[in-house]
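Here is the structure we will look at.
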Amino acid sequence: MSTLERPYLRLHRAPSPLATYLRPLERDYRHTAELISAGFEVGSGVVVDACHPDRSADLRASALEHLVEVVLDPRSLDLSTDGGVERSGVVDLPWSTGGVDHPGSFGPRRIDGYAGALARSVVQLGATAVLAPTHYLEDALSGWLDIDVALTRRLRAKLDSEPAGRSVRIFYPLASNFAALQAEPFRLRLDQQLQALAADDIVDAVWLRMNNFGTNSAGPLTIPRYVSLARRLHALGVPIIAERTGTVGIALLALGSVTGIESGITHGERFNIRDLRVVDGAASGGYAPRVYLPSLGVFLKRDQAAELLNTRGMRGSFGCQSRCCPRGVPDMLTDPRRHFVVNRASEVNRLAAVPQGMRTEQYFATWLRFAADRATRAALVLPGLEAHRRRLDMWRATLAAQVERDLVAPPTLSPPIGIGSHRGIDAMGSS
């Protein structure tokens, strides 16, 4: 059979037990493409913007050539918020009406047109996966849930109607807040809708995007809530990916609550719906790249990092010795994006190499138990790190309590982010 007769078949590398996805800003596209082409480990996949697709062309080509998954973001959340719709290129998307989307503007015709336009873009851009066009679920009165489910089902049908779309996976972003997802009967209705999507093989994973949860906001109340929510979603039988959780996402991986994490490049450690609702809010693209200190799990501005790393006795403790920084500290400061990308992928790969039953102890023994001590030393140079030291102490106590509870009632585990039974497998053996 000729290649033209089976264009839906794709090559995939063997799935990892744990996944990490990068969501680069437009300014990071070329840099990320160059990292991939140079052979650096960047993780399982990259999330590219549906806006200005010409700007992501090199990144998409490099990723596909090196078997890195390309996930298309349709920017549906932006299209439904006053601030998001003002961002560059959003209103020019083929599925945009030119204004802010509301539940009342979605009838059968709009749903069909939206899904069709998105499916065509996915195929044209060669994406291997797409984020379902979901919206923020504010509370039990939100009118978006039924629309999101209808859009997702229609998108699957549109993709399956084209040979090149049959292998494309759909990842369902669940964007909400803890209060909404704990309220009955909304919680039950959401569970039923998601169960139906998973049972019908419509979605291949759920991407959990919780408002105001991330490195700087994860505490003794929110961490157990996130873990409980993620484990509740295990009943769907599809992988759970933690969006914008930052460094605490590694802990969620260790606990088995999620299969993978997603993050920006030195930014994007937390999701806040208010950022999309403020019309004149500045996008994160205006921020300079920060320097990541893996031994602390914290980001510093370049001048702060330089002050710490150039202090006597600190370079050996916090300077990078990985392939990404052959000259050590100078490379960390010169190219903090490369340093972060390689180290984040390494963090996840090291954890993935450990059997599931030992990952939590590995996380405690090799990182968390020492991170607070390191932060104490670093705070002698940068007093602002004292808050992060206290945060690490709190994480240690909170996660230790979670482990104790899990010994009494063994938890479920998020399934691996493997390739679906009818999408993207057996690419080399089919004929």
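The values are calculated or read from the model by the stated rules, or taken from the named source; none is laboratory data. Just so it is clear, the structure is predicted and the values come from calculations on it, not from any experiment. Every residue, glycine among them, receives a Cβ derived from its backbone with ideal geometry; neighbour counts consider all protein chains shown. Just the protein is used for accessible areas: all its heavy atoms, side chains included, with ligands, DNA and RNA removed. Shrake-Rupley method; radii C 1.70, N 1.55, O 1.52, S 1.80 Å.
The residues listed here are 375, 345; of these, the one that is open to solvent by less than 10 Å² (accessible area, probe 1.4 Å) and in contact with a Gly (Cβ under 7 Å, 6 or more places away or on another chain) is 345.
Within the group 381, 354, 279, which residue is closer than 27 Å to residue 411 by Cα and of a type in the set (Val, Ile, Thr)?
Among 381, 354, 279, only 354 is closer than 27 Å to residue 411 by Cα and of a type in the set (Val, Ile, Thr).
Apart from one condition, residue 290 fits all of (1) under 30 Å from residue 79 (Cβ atoms); (2) without any contact (Cβ under 8 Å) to a residue 24 or more places away in the chain; (3) surrounded by 16 or more Cβ atoms within 10 Å (Cβ to Cβ); the exception is (2). Considering only region 414-423, I want to know if a residue exists there that is farther than 26 Å from residue 207 by Cβ and not in a helix (DSSP H, G or I). No, the conditions are met nowhere in region 414-423.
Listed by first and then second residue, the pairs linking a residue in region 305-321 that is within 15 Å of residue 385 (Cβ to Cβ) to a residue that is in a loop (DSSP other than H, G, I, E, B) and open to solvent by 50 Å² or more (accessible area, probe 1.4 Å), with Cβ atoms under 9 Å apart and 6 or more places separating them unless they lie on different chains, are 305/290; 311/380. Looking at region 353-372, which of the residues that are touching a Leu at 6+ places or on another chain (Cβ under 9 Å) and either small (Gly, Ala, Ser) or open to solvent by 40 Å² or more (accessible area, probe 1.4 Å) (or both) is nearest to residue 258 (Cα to Cα)? Only one residue tops the list, namely 356. When each of 109, 60, 87 is tested for being open to solvent by 20 Å² or more (accessible area, probe 1.4 Å) and in contact with a strand residue (DSSP E or B) (Cβ under 6 Å, 6 or more places away or on another chain), the lone residue that passes is 60.
Here residue 281 meets the list (1) modelled with pLDDT of 90 or more; (2) surrounded by fewer than 21 Cβ atoms within 10 Å (Cβ to Cβ); (3) under 23 Å from the mean Cα position of the chain (by Cα) almost entirely, failing just condition (1). Criterion first (touching a helix residue (DSSP H, G or I) at 6+ places or on another chain (Cβ under 8 Å), surrounded by 14 or more Cβ atoms within 10 Å (Cβ to Cβ) and in a helix (DSSP H, G or I)) does residue 296 satisfy it? Against the criterion (touching a helix residue (DSSP H, G or I) at 6+ places or on another chain (Cβ under 8 Å), surrounded by 14 or more Cβ atoms within 10 Å (Cβ to Cβ) and in a helix (DSSP H, G or I)), residue 296 does not qualify. Pairing residues of region 51-68 that are in a helix (DSSP H, G or I) with residues that are polar (S, T, N, Q) and open to solvent by less than 40 Å² (accessible area, probe 1.4 Å), at Cβ distances under 6 Å and at least 6 apart in sequence or on separate chains, gives 59/32.
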